[in-house]
Amino acid sequence: MLKDFAKLQTFLMVTKEKSFSKASAKLGISQPAVTQQIKFIEDYLDTKIVQRKKNGILLTKEGEDLYRIAKRLEKAIENSEKELISIINKEFTFVIGSSNAIGNYVLPNYLGEIKKRIDNEVYMNVDKSCNIIEALEDKKVDLALIESPVFKDDIIYREWIEDELVFFSNQPIKKQLTAEDLLDFDWICRDEQSHTRRLTAEVFEEIGVQCNSFNVVSVMESPTAIKEAILNSDKNAERPLVSVMSRHVIRGDVEAERLFCARIKNYKIERKFYIAYSKDRKHDAFVDNVVSYLLSLSKI
């Protein structure tokens, strides 16, 4: 079994997520495949390692022992991957395709470490999620990081980090907004094809609000352009200028109190960021190394 560490990786993810279904989503494989791999380990060891409970899973004593061994193996493999890459000694530019919020506001903080881990240059291409996936299929990028679910059969998708869409303005606004509050704002909206707009529209529909009821002053495609427009709008205007954005995009400005964010009362608009790569690069040492590093950042 030690020759096939993938099954132990599945076990580690099940333990971390305390759920077969959540582990399935994180690993980019089906839930039956997760169940099958755990059963294989249990059959191999001839003992039960996982107990399913209503509120998740629990490890048996043997499962806890296996977890400690698997974590040591995981660390050793991670260190070996770094040595392997130094042996390969291949000079090239690793291209990461990234959607706007990730490419402009999340990934730049980690490019230096990625470059160090693969000992090669790293280039970032920022575009819409659909265009990034097309570039991945055309082998123009080595790895994709997307914020919209653009799924294709020949690509592996791994759930990455949690994101939340929040409402924001350069004026202090109520932390919890009602449907009536939304009508008191001026709005900069995302373009109609935007995943952000679609997710927001679903919540608006649930609370009985129509976008065409808003006073929309502009429609923009770029998150950066929207943020800058609101930052530079009149802070003393009678009606606050508001839009919707990933919390990652505005986090620094909220912490500095240049922007103020809010949520719809009793709603949280959440989504996942995804790591994607071609199935034919599944065992590529460079892709594996970058993916492992990015997954270790899941608490950004």
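Overview of values
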item	result
Of the criteria (1) within 27 Å of Ile114 (Cα to Cα); (2) modelled with pLDDT of 90 or more; (3) basic (Lys, Arg), which one Lys299 fails	(2)
Criterion: at pLDDT 90 or above, in contact with a Gly (Cβ under 6 Å, 6 or more places away or on another chain) and more than 20 Å from Met13 (Cα to Cα) - qualifying residue of Asn104, Asn125	Asn125
Criterion: out of contact with any strand residue (DSSP E or B) (no Cβ under 7 Å at 6 or more places or on another chain), closer than 19 Å to His195 by Cβ, part of a loop (DSSP other than H, G, I, E, B) and open to solvent by 70 Å² or more (accessible area, probe 1.4 Å) - qualifying residue of Lys152, Lys90	Lys152
Cβ pairs under 7 Å, 6+ apart, first in the range 263-283 and under 14 Å from Ala25 (Cβ atoms), second in a strand (DSSP E or B) and open to solvent by 40 Å² or more (accessible area, probe 1.4 Å)	Glu270/Glu162; Lys272/Glu162
Given (1) touching a strand residue (DSSP E or B) at 6+ places or on another chain (Cβ under 6 Å); (2) open to solvent by 40 Å² or more (accessible area, probe 1.4 Å); (3) of a type outside the set (A, V, I, L, M), number of the condition Arg258 does not satisfy	(1)
Residues located in the range 26-44, provided they are more than 14 Å from Thr15 (Cβ to Cβ) and of a type outside the set (Asp, Glu)	Gly28, Ile29, Ser30, Gln31, Pro32, Ala33, Thr35, Gln36, Lys39, Phe40, Tyr44
Single unsatisfied condition, Thr200 versus (1) surrounded by 13 or more Cβ atoms within 10 Å (Cβ to Cβ); (2) part of a helix (DSSP H, G or I); (3) over 25 Å from the mean Cα position of the chain (by Cα)	(3)
Only one of Ser233, Ser243, Ser218 that is over 23 Å from Ser98 (Cα atoms), part of a strand (DSSP E or B), open to solvent by less than 50 Å² (accessible area, probe 1.4 Å) and among the hydroxyl-bearing types (Ser, Thr, Tyr)	Ser218
Residue among Phe151, Phe185, Phe168 that is among the aromatic types (Phe, Trp, Tyr) and modelled with pLDDT under 90	Phe151
Ile250 vs. criteria in a strand (DSSP E or B) and open to solvent by less than 30 Å² (accessible area, probe 1.4 Å)	no
Within the range 6-56, tally of residues that are part of a strand (DSSP E or B) and of a type in the set (Gly, Ala, Ser)	1
Residue list for the range 157-181, restricted to those being assigned to a strand (DSSP E or B) and either hydrophobic (A, V, I, L, M, F, W, C) or over 16 Å from the mean Cα position of the chain (by Cα) (or both)	Trp160, Ile161, Leu165, Val166, Phe167, Phe168, Ser169, Gln176, Leu177
Condition broken by Gly56, with the remaining ones in (1) of a type outside the set (Asp, Glu); (2) open to solvent by less than 40 Å² (accessible area, probe 1.4 Å); (3) over 19 Å from Met13 (Cα atoms) satisfied	(3)
Counted residues, the range 13-22 - those being buried (at least 18 other Cβ atoms within 10 Å of the Cβ) and either among the hydroxyl-bearing types (Ser, Thr, Tyr) or under 19 Å from Glu62 (Cβ atoms) (or both)	5
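Residues are listed down the side, and each one gets a yes or a no for (1) over 26 Å from the mean Cα position of the chain (by Cα); (2) modelled with pLDDT of 85 or more:
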site: Met1; (1), (2): yes, no
site: Lys16; (1), (2): no, yes
site: Gln31; (1), (2): no, yes
site: Ile69; (1), (2): yes, yes
site: Glu83; (1), (2): yes, no
site: Glu91; (1), (2): yes, no
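Residue-wise test of (1) in contact with an Asp or Glu (Cβ under 8 Å, 6 or more places away or on another chain); (2) of a type outside the set (A, V, I, L, M, F, W, C); (3) within 27 Å of Leu259 (Cα to Cα).
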| site | (1), (2), (3) |
| --- | --- |
| Ile146 | no, no, yes |
| Tyr157 | no, yes, no |
| Val166 | no, no, yes |
| Gln171 | no, yes, yes |
| Thr178 | no, yes, yes |
| Ser194 | yes, yes, yes |
| Thr200 | no, yes, yes |
| Phe204 | no, no, yes |
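The values are calculated or read from the model by the stated rules, or taken from the named source; none is laboratory data. What you see is a predicted model, and the numbers here were worked out from it, not measured in a lab. FYI the Cβ positions are ideal-geometry reconstructions off the backbone, even for glycines, and counts take in every protein chain you see. These area figures cover heavy atoms from the full protein model, side chains too; ligands, DNA and RNA do not enter into them. Shrake-Rupley method; radii C 1.70, N 1.55, O 1.52, S 1.80 Å.
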